[in-house]
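Chemist: Starting off with a structure, shown below.
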Amino acid sequence: MYFTKTQSLDMAACMAKLWFKTDYANQAGQECASKLGRNWNELKECLNGPRGKTLLKQIADQTVPHRGVPWILINGQRSIEAQKNLLKVVCDTYKVR
C-alpha cells in the first residue's frame, strides 16, 4: 500500500488540483486514488488510524516555525519564487537524471 516518492507527488498534485473543484477532501482523495490505481478506503484507514497520526506528527515536528501559508522550503530555504511558480522551481532545482 505504500507510495513511492513519485506516487506521493502524483497524489499530492492531484489533491491540490481537485481541492477547490470538489466539495470535500474525501471526494478529491477518492478521485485521485482511483486515477492512481489505489484503494481509497485503505488510504483513508491509514490516514485516520494510528500510523497516519504518527506520520502526521513526525511531519509536524519537522516543520520549521513559520508565519502564514504557503511557506515553501526548497533545500531548507524559504522560496518566495516557489509560491509564484512551484513546478518551475521544483523542476529547476531537482533535475531528473
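Each value in this text was obtained by applying a stated rule to the coordinates, not by laboratory testing. If you're wondering where the values come from, they're calculated on a predicted model, not measured in any experiment. Cβ: placed from backbone, ideal geometry, glycine included. Neighbour counts: every protein chain shown.
Chemist: Please go through segment 33-60 and give me each residue that is under 12 Å from the mean Cα position of the chain (by Cα) and surrounded by 11 or more Cβ atoms within 10 Å (Cβ to Cβ), ordered by number.
Modeler: L56 - this is the single residue of segment 33-60 that is under 12 Å from the mean Cα position of the chain (by Cα) and surrounded by 11 or more Cβ atoms within 10 Å (Cβ to Cβ).
Chemist: List every residue pair whose Cβ atoms sit under 9 Å apart, with the two residues 6 or more apart in sequence or on different chains, where the first one lies in segment 1-25 and is surrounded by fewer than 10 Cβ atoms within 10 Å (Cβ to Cβ) and the second, anywhere, is part of a loop (DSSP other than H, G, I, E, B) and not aromatic (F, W, Y).
Modeler: M1/R38; M1/N39
Chemist: Another one. Among the residues of segment 1-29, count how many are in a helix (DSSP H, G or I) and under 15 Å from the mean Cα position of the chain (by Cα).
Modeler: Here the count works out to 18.
Chemist: Could you list all residues from segment 71-83 that are surrounded by 10 or more Cβ atoms within 10 Å (Cβ to Cβ) and either under 16 Å from the mean Cα position of the chain (by Cα) or not in a strand (DSSP E or B) (or both)? So that I can check it myself, show each step before the final result.
Modeler: Initial filter on segment 71-83 (surrounded by 10 or more Cβ atoms within 10 Å (Cβ to Cβ)): 71-74, 78-79, 81-83.
Once the filter is applied, which keeps residues that are surrounded by 10 or more Cβ atoms within 10 Å (Cβ to Cβ) and either under 16 Å from the mean Cα position of the chain (by Cα) or not in a strand (DSSP E or B) (or both), segment 71-83 yields W71, I72, L73, I74, S79, E81, A82, Q83.
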